[in-house]
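A.B. asks: Submitted below is the structure of interest, expressed as C-alpha cells.
The values are calculated or read from the model by the stated rules, or taken from the named source; none is laboratory data. This is a predicted model, so every value here is computed, not measured. Here the Cβ positions follow ideal geometry from the backbone for every residue, glycine too, while neighbour counts run over all protein chains shown.
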Amino acid sequence: MKSAVETLNPTRVRLTVEVPFEELKPSLDAAYRKINQQVQVPGFRRGKVPARVIDQRFGRGTVLEQAVNDALPQFYRDAVTEGELTTLGQPEVDITELRDNELLTFTAEVDVRPPIEIPEYSGIEVTVDAVEISDEDVDQAVERLRERFASTTVVEREAGEGDVVRIGLEARADGEQVTGLVPPNTTYTVGSGRLVEGLDEAVTGLAAGGTATFTTRIGGPEEPAEAAAEEAEGAEGAEGEAKEEAGEPQGQEVEITISVESVSSRELPDLDDDFAQLASEFDTLEELREDSRKRLSDQRKYDQANQVQEKVLAALLDMVEIPMPQKLLEDEVETRRHNLVHHQLGQIGMDLNAYLKMRGQSAEEFDAELREEAERGIRTQFVLEEIARREELNVSQQELTEHLVRRAQSAGMSPDDFVKAVVESNQVPMLVGEVSRGKALAAVVDAVTVTDSNGEPVRLDESEDEAGEADEAEPAAETGEEAEQADEAAAGAAEAESSDESDEAGR
C-alpha cells in the first residue's frame, strides 16, 4: 500500500491510497467465507459452496464490495499512521478505482488537528472577587436553614406574606398556552420573590379556590435550560431582575394565570440553642453560626476558583489563533443542539420554540450563539490539550479515581456503575481528557498573576476543588469501601483505555 497526503486547508486533508490487490486478498477470502455461511445453494452444504459458484450465483461484485468494506478501515488507519496525522472525526471516503485482481484506489477527506503555537502566558494578569463573608451573609444562611424547619398549618383565610400556598399555574404567550415556562403545580412562599416576577402581588389576598391573572416576563438570553429549570424550582432570577431594573427588558412577555389550592400559615422555630441542636450537630447557636460562616467561605472560595479559571482561560484563548475545522464544528453544534432539545429542555417539558420565546430570541440568534459556544469549546480543548502535551502532563490512576468519584457523585451513581456506563459507551478517553485538560489549566493558573478586588494575591490549592460541595447540609463522606470500589473502577477504566488505544492506534 502507498498513500499520499494533500493539504486542503490548515484543518483538512485528503488522503489518496493505492492498495495492490494482493493486500486485499485476505479480506476477499474472508468475504467468501462470510457469504458462504449466509447463503444456501442447492446441491451444497452450508459453508461448502465453492467460490466460483458464489460468483456465478451472486456476482463477483458482491464479494468485492464486502471485502472492500471490511478492509477499508484498516487501510485508512495505516495511511493515517504513515502520514503522521492527528485526525478529528470520521473521514469522507470515496472509492475512485477498483480493478479486479489489480488495484484498489480510494480517497479519504478528514479534519485534522491544526498546529497550535502556545504563547508565553506567564504575563497574564486577572482580577477576581475577594472572598468576604459579612454578618448579614451568615444571618441569611441561618435564616434559610431556619425556614427549612418551619412548621405549616392549613388555614381558611386569604394568603399574606410568609404564608405557604399550593398553586397551579398556566402560562400563555400570544394567546396560546405554553408548557415548560412555569411549573403546572408548586408550593410557594408568599413574599420570597422567587419563581416569576409579579407572583407575590398576584397571590396576596387570595384564599383557597381563588384565581388571578397577571402579565410578566420570563427568562432571558443568558443560559439555556438550566435557567428555565431553576425558575421552575423556584430559584431567584437576580441577574435578570438587575438587568430589567437597568431598563433592559429580558425574555418573553407572558400571561400567567394562578389558582390557589390551599393556604398554610408558617411558624418558624426560635433562633436559640435548641434550634441549633435540632438543625445541626452543634450544641449552641453560636457554633452553628460559625459553621455557617465557614461553609459560606468555602463556597465563596470555590466560586472564586471558578472565576479565576474562567478569566485565565479567556485571556489565554485571546492570545491564540486557531484555524477551526468546519466539519468538527458542525458536528459539535449538532451535538449541543441535540443535548439541549432532547435532554435539558425535554426534562422540563419544554420544546425549542417555547424556549426561544422565553428568551426573546430568534432562531437565527440562537444558532449564532450555539455556534459561538461550540467554537469556544473546541478552541479550549485544542489549547489545553496542546499545553498538556507540551508539559507532558500525564494522568495517574489516583487522579482518574478522584475525578471518577466526583463525576459519579454528581450523576448520582456509584463509581462502579458509573465506570461500567462509561466503558460501555466508549467514554473512557473522554474522562482521561477531562483530567488532562484540568491539569493543563491548573498549570496555566499557577503561572499567571491573580489578585482579588482588594488587591491581594490569590493562590488556588487542591482543597478548593472540593469546596463546591459545601452547603447547609453535611457532605456525604466517602467510606473506605467506596474508595476501594472507586480505585478498582478506575483501574478497570484505565485498562479499558489502554485497550482502546491499542485498537485505535494510528487514528
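A.B. asks: Could you figure out which of (1) at pLDDT below 95; (2) out of contact with any strand residue (DSSP E or B) (no Cβ under 8 Å at 6 or more places or on another chain) isn't true of MET358?
C.D. replies: Single failed check for MET358: (2).
A.B. asks: What about ALA440, is it at pLDDT below 50, of a type in the set (A, V, I, L, M, F, W, C) and either out of contact with any Cys (no Cβ under 8 Å at 6 or more places or on another chain) or within 24 Å of GLU385 (Cα to Cα) (or both)?
C.D. replies: Answer is no for this residue.
A.B. asks: Please return the ranges of helices (runs of 4 or more DSSP H) entirely within segment 15-94 where 2 or more residues are at pLDDT 85 or above and not assigned by TED's automatic domain parsing to the domain that holds LEU329.
C.D. replies: 21-38, 60-82
A.B. asks: Answer with yes or no whether PRO20 is of a type outside the set (Asp, Glu) and closer than 21 Å to ALA108 by Cβ.
C.D. replies: yes
A.B. asks: Across segment 10-23, what is the number of residues that are out of contact with any helix residue (DSSP H, G or I) (no Cβ under 9 Å at 6 or more places or on another chain) and not charged (D, E, K, R)?
C.D. replies: Residues that pass the stated criteria total 3.
A.B. asks: Turning to a different aspect of this structure: Confirm whether ILE348 is surrounded by 14 or more Cβ atoms within 10 Å (Cβ to Cβ), touching a residue at least 60 places away in the same chain (Cβ under 8 Å) and over 21 Å from GLU385 (Cα atoms).
C.D. replies: The answer is yes for ILE348.
A.B. asks: Mind listing whichever residues of segment 175-200 are over 30 Å from the mean Cα position of the chain (by Cα) and in contact (Cβ under 8 Å) with a residue 60 or more places away in the chain?
C.D. replies: Residue satisfying the conditions is THR189 alone.
A.B. asks: Continuing with this model, one more query. Identify the residue in segment 444-454 that is surrounded by fewer than 17 Cβ atoms within 10 Å (Cβ to Cβ) and touching a residue at least 40 places away in the same chain (Cβ under 8 Å) and, among all such residues, is nearest to ILE124 (Cα to Cα).
C.D. replies: THR449
A.B. asks: On to the next question. What number of residues within segment 269-279 are within 39 Å of the chain's Cα centre (by Cα) and in contact (Cβ under 8 Å) with a residue 60 or more places away in the chain?
C.D. replies: Summing the residues that are within 39 Å of the chain's Cα centre (by Cα) and in contact (Cβ under 8 Å) with a residue 60 or more places away in the chain in segment 269-279 gives 2.
A.B. asks: Out of the residues in segment 187-196 that are in contact with a helix residue (DSSP H, G or I) (Cβ under 8 Å, 6 or more places away or on another chain) and surrounded by fewer than 18 Cβ atoms within 10 Å (Cβ to Cβ), state the one that is nearest to LEU356 (Cα to Cα).
C.D. replies: Taking the candidates together, the pick is GLY193.
A.B. asks: Quick check on this structure: which one of ILE133, ILE116 is within 30 Å of ALA276 (Cα to Cα), in a loop (DSSP other than H, G, I, E, B) and either in contact (Cβ under 8 Å) with a residue 40 or more places away in the chain or hydrophobic (A, V, I, L, M, F, W, C) (or both)?
C.D. replies: Result of the check over ILE133, ILE116: ILE133.
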